[in-house]
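The values are calculated or read from the model by the stated rules, or taken from the named source; none is laboratory data. Nothing here was measured: the structure is a model prediction, and the numbers come from that model. Glycine gets a Cβ as well: all are built from the backbone with ideal geometry, and neighbour counts include every protein chain shown.
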Ligand code: FAM
């Protein structure tokens, strides 16, 4: 078994060569045109980012180095493979795949889990910073601020200040990314304890446990196998969703200024905290609880349809449906549904049943309504409801769980430095300037 850093060091030279050859041959090749609608429409559809770990296909959904979610579920080492309670793939396995493009062995994942556990303790000054926040400060603001403060000990900043060569940037960047991912559970758990009083507030780490096993323990779910396993699956499949989404794009943009991974990720979390991005799972939950209140539990399909129509007719969207890029059912939703199907306690849960009923009924209603380009469920239609059913009823915390997961997108920073990517600086225009160009 090798360490992840050795494995990364091994793949970097061949990928650098591949990019070099591509550049030599195609530097002036066009990837498509830029239309005014791209510029005005949030850069939708513009092919202008390099992202190594995953590619999103509008029909097939996300693929991690070419592997679909079902492929990953089959191939990546699971909790069971490591002799832990539970069956789901481990986020550590996904982290390895994202960084190297290769499926790790069980021993390699075990080694990575142990390394993360060893690096997981928070420095005392960060604990004090988190403890000083008012309980009323949004958990995402606390999360972003605590992550930024970790840059006090950034290996990249220290190496940069000493004058490290550009070709070596990736190495301390990697070290920071691993340190950050290792410490994220303790940050998230301390916030949970301070704001909602759950967990014991100690953030103890068991060196023989996996990253999420330790996190579940810290937030008071250590003995809850269902929740622990759900968090593993959720965090593994939510981590990377190619580069253009707000949190991933932000961390990449800030990193392009050679801000260290802690600052880059802190900025990414600030983007994730927006209602159009990371907050959707919270909104779905509000919608489902409202629906249950309006039509009762175990309502007929007809009643549910009526409620959907009244939502649409009042000009609101059905949260958890549609997607900016996907044009079919989100495979992340299918993975979470599959999880629910294998858990008798969730099959009995009225909220989970409602999520499944909506997945049967809503696409027909949305198709008849005729506006959305994709009437199918996205991942958020299920993700928050399972957390709720397992007893995590604090909506305001849900985006923090998403944030733990999105830390896997930090792997791109290692690739950005390995490829020597430059500072981002797209060209902008005023309306007057556009007018002149387009007349
Ligand atoms: N319910 C009702 N109308 C919808 C709809 C939905 N779920 N999804 C899209 N539409 C409407 C949309 O509002 C737009 O109407 P107007 O022409 O009146 O503006 C029209 O259909 C065309 O939209 P689109 O091209 O299909 O989607 P967009 O790319 O503009 O927007 C979403 C994508 C995700 C913002 C949109 O589908 C939506 O608002 N969905 C509900 C909220 C949600 O589930 N967000 C989470 C998405 C999740 F996957 C994530 O990124 N975290």
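Picking from residues in the stretch 145-170 that are in contact with a helix residue (DSSP H, G or I) (Cβ under 9 Å, 6 or more places away or on another chain) and without any contact (Cβ under 8 Å) to a residue 12 or more places away in the chain, the one that is farthest from residue 419 (Cα to Cα) is 164. Of all residues in the stretch 188-201 being in contact (Cβ under 8 Å) with a residue 12 or more places away in the chain and part of a loop (DSSP other than H, G, I, E, B), which is surrounded by the fewest Cβ atoms within 10 Å (Cβ to Cβ)? Ranking the candidates gives 200 first.
Which members of the stretch 1-10 meet the condition of being modelled with pLDDT of 95 or more and surrounded by 15 or more Cβ atoms within 10 Å (Cβ to Cβ)? Within the stretch 1-10, 4, 5, 7, 8, 9 qualify. For residue 77, the conditions (1) buried (at least 17 other Cβ atoms within 10 Å of the Cβ); (2) touching a residue at least 60 places away in the same chain (Cβ under 8 Å) are fulfilled apart from (2). Among the residues of this structure, residue 185 does not count as one that is in contact (Cβ under 8 Å) with a residue 60 or more places away in the chain and surrounded by fewer than 19 Cβ atoms within 10 Å (Cβ to Cβ). Exactly one residue among 260, 206, 223 is farther than 27 Å from residue 47 by Cα and in contact with a helix residue (DSSP H, G or I) (Cβ under 8 Å, 6 or more places away or on another chain), and that residue is 206. Scanning the stretch 293-310 for residues that are touching a helix residue (DSSP H, G or I) at 6+ places or on another chain (Cβ under 8 Å) and within 15 Å of the ligand (Cβ to nearest atom) turns up 304, 305, 307, 308, 309. Every condition in (1) buried (at least 16 other Cβ atoms within 10 Å of the Cβ); (2) farther than 30 Å from residue 171 by Cα is met by residue 40 except one, and the failing one is (1). Cβ-Cβ distances below 7 Å connect no pair with a first residue in the stretch 361-379 that is at positive phi, a second residue that is within 10 Å of the ligand (Cβ to nearest atom), and a separation of six or more residues or different chains.
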